[in-house]
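Comments concern the structure below.
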Amino acid sequence: MKTLRALSKGQTSEKTKYIFGAIRRKIGWVPNIYAAMGNSSQLLSGFLSLNETLNKGIFWAKEREAIALAVSQVNGCQYCLSAHTEQAILAGFTEAETIELRKGAINDKKLRPLTRLAMELTEKQGIASPETIKRFYAAGYDETALAELIGLIGLRTISNYIFNHGDFDIDFPKAPSIE
C-alpha cells in the first residue's frame, strides 16, 4: 500500500510552503518527489541541505548522476531513474551510456568501479567486497570519495524509498527499461 502523496502548497505546513517556494525560485517548479518529501518539512529540508552540500564535494556532476542511476536501479525506483536519466543526459551522457551505468557496465576506467561499488553497497546494505573497494581506490578515488559516496547513496536511497512508498506520478520523461 502506497501512502505518501505529493502535497500541493495548500496542504502543507508553513515551513514546507517556504521550502516549496525556495525550490520554485531555484528550479521553476516543485517535482513530485519533493512534494511527497514535504509530508515532513524536516526530511525535505535535511535532504535538500545534504544534497546541496554533497554537490559541492569531490564528485563532479557526471559522477553524481552515475551514482544516482546505479543506486536507483538497484532500488527499483522508476521515478529517480527517470529524473536522473534526464539529468545525466544534461551532464553529458548519452541515453545509451545511462543504460550502461544502470547495468554497472559503463566502459570508463573511473565510472565503472564507482558505479559497481555504489551498486554493491546498495545491494549488500553497506558492505562491499575488498576486491570492489580495491578497484575503486585503484581508479584514483580515496577515503574522502568513499565517505561522500556513502552519503550520496544515502540520499538516493531516501528518494528511492519515498517513491517506492509514494502515490504520485513521475513528472519526468520515463527512463527506458533495461529488462
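The values are calculated or read from the model by the stated rules, or taken from the named source; none is laboratory data. Predicted model, so just to flag it, every value in this text is computed and none were measured. Counting neighbours? That spans all protein chains shown, and the Cβs are built from the backbone with ideal geometry, glycine included.
Quick notes
- Residue selected from the stretch 15-48 under the condition within 20 Å of the chain's Cα centre (by Cα) and basic (Lys, Arg), by the criterion surrounded by the most Cβ atoms within 10 Å (Cβ to Cβ): Arg24
- Here the condition is being on the phi > 0 side of the Ramachandran plot and at pLDDT 95 or above; of Gly46, Gly140, it holds for Gly140 alone.
- Any chance Ala66 is within 30 Å of Tyr137 (Cβ to Cβ) and surrounded by fewer than 15 Cβ atoms within 10 Å (Cβ to Cβ): no
- Residue check for Thr115: assigned to a helix (DSSP H, G or I), within 15 Å of Ile178 (Cβ to Cβ), more than 11 Å from the chain's Cα centre (by Cα) and not assigned by TED's automatic domain parsing to the domain that holds Ile19: yes
- Checking each residue of the stretch 27-34 against the condition of being outside any helix (DSSP H, G or I), on the phi > 0 side of the Ramachandran plot, at pLDDT 95 or above and out of contact with any Ser or Thr (no Cβ under 9 Å at 6 or more places or on another chain) gives at least one match.
Residue-by-condition table, conditions (1) within 25 Å of Leu4 (Cβ to Cβ); (2) in contact (Cβ under 8 Å) with a residue 60 or more places away in the chain:
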| site | (1), (2) |
| --- | --- |
| Tyr34 | yes, no |
| Leu48 | yes, no |
| Thr53 | yes, no |
| Glu63 | no, no |
| Ala68 | yes, yes |
| Ser72 | yes, yes |
| Gly76 | yes, yes |
| Cys80 | yes, yes |
| Thr94 | no, no |
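- Among the residues of this structure, Leu90 does not count as one that is within 14 Å of the chain's Cα centre (by Cα), modelled with pLDDT of 95 or more and either in a helix (DSSP H, G or I) or aromatic (Phe, Trp, Tyr) (or both).
- When the stretch 118-150 is filtered for residues that are assigned to a helix (DSSP H, G or I) and either crowded, with 19+ Cβ neighbours inside 10 Å or in contact with a Leu (Cβ under 6 Å, 6 or more places away or on another chain) (or both), the ones remaining, listed by number, are Ala118, Met119, Glu120, Leu121, Thr122, Thr132, Phe136, Ala145, Glu148, Leu149.
- Only one entry in Thr3, Thr12, Thr85 is of a type in the set (S, T, N, Q), crowded, with 18+ Cβ neighbours inside 10 Å and either within 14 Å of Ile162 (Cβ to Cβ) or modelled with pLDDT of 95 or more (or both), namely Thr85.
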